[in-house]
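Q: One structure is given below, represented as structure tokens, and several questions about it will come after.
The values are calculated or read from the model by the stated rules, or taken from the named source; none is laboratory data. These numbers come from a predicted model, not from an experiment. Counting neighbours? That spans all protein chains shown, and the Cβs are built from the backbone with ideal geometry, glycine included. Quick note on the areas: whole protein, heavy atoms, side chains included, nothing else; ligands and nucleic acids left out. Shrake-Rupley method; radii C 1.70, N 1.55, O 1.52, S 1.80 Å.
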Amino acid sequence: MDSQTLMMLSEKYVAHTYTRYPVVLTRGKGTRVWDPEGEEYLDFVAGLAVCNLGHCHPNVVRAIREQAEKLIHVSNFYYIEPQIQLASLLCKHSFADKVFFCNSGAEANEGAFKLARKYAKEKVEKDRYEIITMERSFHGRTLATLTATGQEKFHKGYEPLMPGFKYVAFDDMGAVRDAVGPKTCAVMVEPIQGEGGVNCPSKGYLRALREICDEKKLLLIFDEVQVGMGRTGKLFAYEHDGVEPDLLTLAKSLAGGVPIGALLIKKGVAESFKSGDHASTFGGNPLASAAGEAALRAILEEGMLENCQKMGDYFFSKLEAVKNKFPFVQEIRGKGLILGMELKKDGSSVVQEMLKKKILINCTMGNVLRFLPPLIVTKEEIDRVVAALEEVFSNWGV
Ligand SMILES: Cc1ncc(COP(=O)(O)O)c(C=O)c1O
């Protein structure tokens with residue numbers, strides 16, 4: 001079917017929860033995607049940090065194909081090898097001792113809230129359930145995770161919100177100290193805020209959070225749904241600071257584009273989830289887990305972390321140079337290949353203009369252009385994006 005027909009049918013039959021660009025995508029390879037008419041786009045959105053390996057990585061495609069021929073799904077009543085392999089690989093390469101699998105970032109965060117409450121009641125004090133989260137955070141769209149999200153615009157219309165969440169300013173240790181009370185059981189933070197505008201905390205912030213959590217017997221939860229799996233140049237963003245959480249949530253790129261979520265758990269906490277306490281029908285099913293193992297191995301074995309660091313530094317310096325040319329660029333932020341360019345005005349028209357140049361980028365918070373290319377991106381592709389951006393800015397005025 002052609003693009004026009006498909007867009008018309010989508011308007012008619014698909015719920016209008018997304019503001020979509022007028023593009024239909026049917027095929028992808030590496031950093032490129034194509035529409036039904038064969039037009040090629042350079043993808044610096046990468047499924048919003050899902051396609052870290054690029055589109056249709058051959059090892060992921062092979063793993064899915066081979067697994068689909070053997071076994072697509074069975075109940076979690078039974079053991080399945082791909083799930084065991086993925087869990088052991090995640091534990092080997094992280095702080096974690098156990099993994100709970102689910103299907104999305106929101107679901108992984110729900111698991112973290114449940115486990116934090118259960119652990120606190122069992123191991124600390126009966127009446128502890130409150131979780132401190134950050135302003136401008138994003139943790140998902142279920143009722144609990146949108147409540148945890150420290151942005152009012154996501155709450156509107158869904159009240160009453162879940163009880164038991166408290167917000168403090170991001171990167172403000174004093175605010176965290178003031179907020180901790182007798183009912184607090186955990187502190188949850190994104191090591192770099194993605195949807196909130198690519199906000200990086202000051203050096204020492206995560207360590208200070210770790211210290212207060214230890215002092216007050218709270219669990220520290222890192223939401224690495226967006227910044228995990230190599231996005232910042234390390235497998236997990238927490239590695240940059242050498243600060244380990246008690247719980248960490250993953251989703252997005254964990255299975256190379258196949259829906260999956262995971263809650264990584266430290267020993268001593270994992271035991272609070274006992275048989276029957278939590279579950280998910282599709283969680284870690286054979287297909288998703290096989291894709292996950294192939295994706296994780298590719299990140300670790302194909303130099304993607306090194307490329308991410310190198311290309312991230314290069315891209316950052318190029319964006320800094322753009323900032324120095326155009327006074328309406330406020331700041332460049334980020335690490336590895338999650339980079340944000342804050343503008344002094346609304347950035348949505350820039351996304352539209354880049355689309356005309358066959359380049360996909362994103363804008364978050366209204367004025368922060370967000371760049372999330374696959375970790376295999378090249379210098380030439382970055383140069384193309386930067387040149388296109390300069391052209392758009394030159395025609396944009398001051
Ligand atoms: C940091 C973070 N946490 C959680 C989520 C929610 O993930 P999902 O859409 O898979 O539920 C997102 C999605 O953008 C995210 O960026």
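Q: Among all residue pairs at least 6 apart or on different chains, which show Cβ distances below 9 Å where the first residue, located in the range 204-223, is within 16 Å of the ligand (Cβ to nearest atom) and the second is polar (S, T, N, Q) and part of a helix (DSSP H, G or I)?
A: Ile221/Asn109; Asp223/Asn109
Q: Being in contact (Cβ under 8 Å) with a residue 24 or more places away in the chain, under 17 Å from Gly292 (Cβ atoms) and basic (Lys, Arg) narrows it down to one residue among Lys29, Lys70; which is it?
A: Going through Lys29, Lys70 in turn, just one is in contact (Cβ under 8 Å) with a residue 24 or more places away in the chain, under 17 Å from Gly292 (Cβ atoms) and basic (Lys, Arg): Lys70.
For (1) more than 14 Å from Arg231 (Cβ to Cβ); (2) open to solvent by less than 10 Å² (accessible area, probe 1.4 Å), each residue gets a yes or a no:
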residue	(1), (2)
Gly292	yes, yes
Ile299	no, yes
Lys318	yes, no
Gln330	yes, no
Met365	yes, no
Leu372	no, yes
Leu375	no, yes
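Q: Would you kindly identify the helices (runs of 4 or more DSSP H) lying entirely within the range 82-191 that contain at least 1 residues that are in contact (Cβ under 8 Å) with a residue 40 or more places away in the chain and more than 16 Å from the ligand (Cβ to nearest atom)?
A: Passing ranges, in order: 105-119, 173-179.
Q: Just to be sure, is Leu53 part of a loop (DSSP other than H, G, I, E, B), touching a Leu at 6+ places or on another chain (Cβ under 9 Å) and within 22 Å of Ile260 (Cα to Cα)?
A: So Leu53 fits the description; yes.
Q: Given (1) more than 16 Å from the ligand (Cβ to nearest atom); (2) farther than 21 Å from Leu305 by Cβ; (3) free of Cβ contacts under 8 Å to residues at least 40 places away in the same chain, identify the lone condition not met by Glu40.
A: (3)
Q: Could you look through the range 335-356, keep only residues that are under 23 Å from the mean Cα position of the chain (by Cα) and not hydrophobic (A, V, I, L, M, F, W, C), and pick out the one that is nearest to Asn52 (Cα to Cα)?
A: Of everything passing the filter in the range 335-356, Gly336 is nearest to Asn52 (Cα to Cα).
Q: Can you tell me which residue within the range 224-242, out of those that are assigned to a loop (DSSP other than H, G, I, E, B) and surrounded by fewer than 20 Cβ atoms within 10 Å (Cβ to Cβ), is farthest from the ligand (Cβ to nearest atom)?
A: Filtering the range 224-242 for residues that are assigned to a loop (DSSP other than H, G, I, E, B) and surrounded by fewer than 20 Cβ atoms within 10 Å (Cβ to Cβ), the one farthest from the ligand (Cβ to nearest atom) comes out as Gly242.
Q: Would you check if Lys252 is away from the ligand (no atom under 16 Å from the Cβ) and open to solvent by 10 Å² or more (accessible area, probe 1.4 Å)?
A: no
Q: Only one of these is surrounded by fewer than 14 Cβ atoms within 10 Å (Cβ to Cβ) and not charged (D, E, K, R): Val33, Val74, Val50, Val61. Name it.
A: Answer to the check: Val74.
Q: Moving on. Considering Glu66, Glu40, Glu11, which residue is in contact with a Lys or Arg (Cβ under 6 Å, 6 or more places away or on another chain) and open to solvent by 50 Å² or more (accessible area, probe 1.4 Å)?
A: After applying the criteria, what remains is Glu40.
Q: Could I ask something else about it? May I ask you to say which residue of Ala251, Ala208, Ala255 is in contact with a helix residue (DSSP H, G or I) (Cβ under 7 Å, 6 or more places away or on another chain) and more than 29 Å from His57 (Cβ to Cβ)? Walk me through how you get there before you give the answer.
A: On the way: Ala251 fails: more than 29 Å from His57 (Cβ to Cβ); Ala255 fails: more than 29 Å from His57 (Cβ to Cβ).
Being in contact with a helix residue (DSSP H, G or I) (Cβ under 7 Å, 6 or more places away or on another chain) and more than 29 Å from His57 (Cβ to Cβ) holds for just one of Ala251, Ala208, Ala255, which is Ala208.
Q: When you go through (1) open to solvent by less than 50 Å² (accessible area, probe 1.4 Å); (2) within 20 Å of the chain's Cα centre (by Cα) one by one for His93, which number turns out not to apply?
A: Here His93 clears every test but (1).
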